[in-house]
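Asker: Take a look at the following structure, please.
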Amino acid sequence: NRPTNWTLYWSDDFDGSAGTLPSPAIWTPETGGGGWGNNELQYYTDRPVNAALDGQGHLAIVARQESFGGRNYTSARLITKGKLEFTHGKVEARLKLPTGQGLWPAFWMLGANISQAGVGWPTCGEIDIMEYRGQEPRVAFGTVHGPGYSGGQSIGMRYTIPAGAAALDQDFHVYGVEWNPGLIVFSLDGIEYFSVKPSDLPSGTEWVFDKPFFLLLNVAVGGNFVGPVGTGVTFPQTMLVDWVKVWEAA
């Protein structure tokens with residue numbers, strides 16, 4: 001039984017002066033290098049040059065080629081952990097993505113209990129509303145990870161946008177999930193392309209998605225999913241976020 005009516009629960013339109021950090025009441029920058037479990041190449045900073053409002057109603061997350069913290073690239077990863085956490089709803093973002101071999105932007109969610117003793121990842125659960133490989137500018141990925149179905153065993157779908165639609169780096173597109181008890185449905189520009197329910201999981205594994213999650217926005221550089229940075233890739237590379245919205249079932 002999927003809801004037919006939704007009420008806006010929360011939104012961020014990223015309006016404000018150019019160079020302003022996104023609202024610290026909602027978004028926390030995670031910082032550091034070290035590969036983030038995926039052999040990524042960037043160092044995530046809390047500097048406005050890596051994540052700030054652009055003054056035109058967008059959040060710009062900018063990957064740069066520069067030496068910082070022992071890494072050759074910088075970028076940003078913003079999370080709402082401890083600030084905006086919720087269970088179920090419709091979650092969407094309107095994004096314009098970077099391009100080039102080795103760019104790896106994402107709009108995703110993690111279980112809010114990730115930091116609890118004995119939980120961690122992937123037991124907390126992960127919902128990747130949008131992942132994208134910069135070398136495939138017409139393809140988006142929607143994926144879930146959980147205990148017994150993570151990493152290379154994750155459950156997901158690659159979706160190629162229709163012929164005639166602007167490539168994902170050329171214009172804004174809306175990426176979303178409808179997240180219900182026992183059912184998650186992925187969409188791009190309102191076209192549903194993948195859904196997952198408990199019976200789709202490997203035998204003996206647990207559905208871990210009916211509890212609070214928080215949001216993440218980031219642009220990684222390199223890593224297992226995308227491979228090395230291509231020789232012809234120019235920097236900086238930017239993911240523009242027009243808005244993020246969360247609705248609840250009415």
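Asker: Using only the Cα atoms of the range 64-197, build the gyration tensor, take square roots of its eigenvalues as a ≥ b ≥ c, and label the shape rounded, prolate or oblate: rounded if a/c is under 1.5, else prolate if a/b is larger than b/c, else oblate.
Answerer: oblate
Asker: Now a separate question. Rounding to the nearest 20 debye, state how big the charge dipole of the range 27-115 is about its Cα centre with +1 on each Lys and Arg Cβ and -1 on each Asp and Glu Cβ.
Answerer: So the dipole magnitude of the range 27-115 works out to roughly 100 debye.
Asker: While we're here: Taking 0.36 nm per residue of separation and subtracting the Cα-Cα distance, what length does fully extending LEU183 through ARG2 add?
Answerer: Separation in residues times 0.36 nm, less the Cα-Cα distance, equals 64.3 nm.
Asker: Once you charge only the Cβ atoms, +1 for Lys and Arg and -1 for Asp and Glu, what is the size of the charge dipole of the chain about its Cα centre, to the nearest 20 debye?
Answerer: In debye, rounded to 20, the chain gives about 280.
Asker: Can you give me the % of accessible surface on the chain that is carbon or sulfur? Probe 1.4 Å, all protein chains present, nothing else counted.
Answerer: Heavy-atom surface of the chain belonging to carbon and sulfur, 1.4 Å probe: 48 percent.
Asker: Quickly work out the MET157-to-ASP13 label distance, labels modelled 7 Å from Cα along the C-beta direction, and quote it in nm with one decimal.
Answerer: So the label points at ASP13 and MET157 sit 3.2 nm apart.
Asker: Can you bin the chain into rounded, prolate or oblate? Criterion: square roots of the alpha carbon gyration tensor eigenvalues sorted a ≥ b ≥ c, rounded for a/c under 1.5, prolate for a/b above b/c, oblate for the rest.
Answerer: rounded
Asker: What ranking do 37-46, 231-240, 2-11 get when scored by the average of other Cβ atoms within 10 Å per residue, highest first?
Answerer: 37-46, 231-240, 2-11
Asker: Assuming R0 = 35 Å, what is the FRET efficiency of GLU192 and THR234, from their Cβ-Cβ distance, to the nearest 0.05?
Answerer: Using R0 = 35 Å, I get an efficiency of 0.50.
Asker: Can you find, among ASN224, GLN170, SER195, the residue sitting farthest towards the positive end of the charge dipole of the range 154-233, where Lys and Arg contribute +1 and Asp and Glu -1 at Cβ?
Answerer: ASN224
Asker: Once the principal axes of the Cα atoms of the range 1-145 are found, what is the range along each, listed largest first in whole angstroms?
Answerer: On the principal axes, the range 1-145 reaches 50, 40, 33 Å in Cα extent.
Asker: Another question, then. Rounded, prolate or oblate for the range 124-184? Axes are the square roots of the Cα gyration tensor eigenvalues, ordered a ≥ b ≥ c, and the cut-off for rounded is a/c under 1.5.
Answerer: Note, shape of the range 124-184 comes out prolate.
Asker: Still on this model: Please list the equivalent ellipsoid semi-axes of the range 117-159, computed as the square roots of five times the alpha-carbon gyration tensor eigenvalues, in descending order and whole angstrom.
Answerer: 24, 9, 8
Asker: Turning to a different aspect of this structure: For the chain, with a Gaussian network of springs between Cα atoms less than 10 Å apart, report the residue from ALA166, ALA140, ALA63 with the top mean-square fluctuation.
Answerer: With Cα springs under 10 Å in the chain, the top fluctuation among ALA166, ALA140, ALA63 is at ALA166.
Asker: Over the chain, with the other protein chains present, what is the accessible area per residue in square angstrom, probe 1.4 angstrom?
Answerer: Heavy-atom accessible area per residue stands at 41 Å².
The values are calculated or read from the model by the stated rules, or taken from the named source; none is laboratory data. From a predicted model like this one, the values you see are computed outputs, not experimental measurements. Positions of Cβ are generated from backbone atoms using ideal geometry, with glycine treated the same way; all protein chains shown enter the neighbour counts. In case anyone asks, the SASA skips ligands and DNA or RNA and just uses the protein heavy atoms, side chains included. Shrake-Rupley method; radii C 1.70, N 1.55, O 1.52, S 1.80 Å.
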